[in-house]
Amino acid sequence: MLYEESYIKEEQEKDLPEIATKKIYKYKSEDCSGCPYQEICKHKSFIEKIKPYSFESMNKFTQKYKKI
C-alpha cells in the first residue's frame, strides 16, 4: 500500500514537467500474513524513486491484472 509520496529537491530543480520529475513513493504492507518471506524480511516497507508517469502506468497494469 502506498503511504507517502514526496518530491525530490534535485529533481524539481531540473525544470522538467511534473509528470517527468522523479518522486519518492513509499510503500508499506498492511498485512503480512501469508507472506512466504515473513521470517526473513527485515523491511516492512520499501521506497521507489520513479517518475509519476511510470508510477501511474505500473498501477494501471497491476490493477488490471490483479483480478486474474
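Since every read-out is calculated from the coordinates, none of them should be taken as a lab result. All figures in this text were calculated on a predicted structure; none of them were measured in a lab. So basically every Cβ, Gly included, is an ideal-geometry build from the backbone, and we count neighbours across all protein chains shown.
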### Task
Using only Cα atoms, figure out Rg for the stretch 2-66 and give it as a multiple of 2.2 N^0.38 Å.
1.36
### Query
Per residue of the chain, what 222 nm ellipticity follows from adding -39500 (n - 2.57) for every DSSP H run with n ≥ 4, rounded to the nearest 500?
-8000 deg cm²/dmol
### Query
So how do 47-59, 29-41 stack up, highest first, on mean other-Cβ count within 10 Å?
47-59, 29-41
### Message
Beyond a 18 Å Cα-Cα separation, which of these cross-linked pairs lie in this structure: LYS22/LYS64; LYS9/LYS51; LYS28/LYS64; LYS22/LYS49; LYS28/LYS49; LYS23/LYS64?
### Response
LYS22/LYS64; LYS28/LYS64; LYS23/LYS64
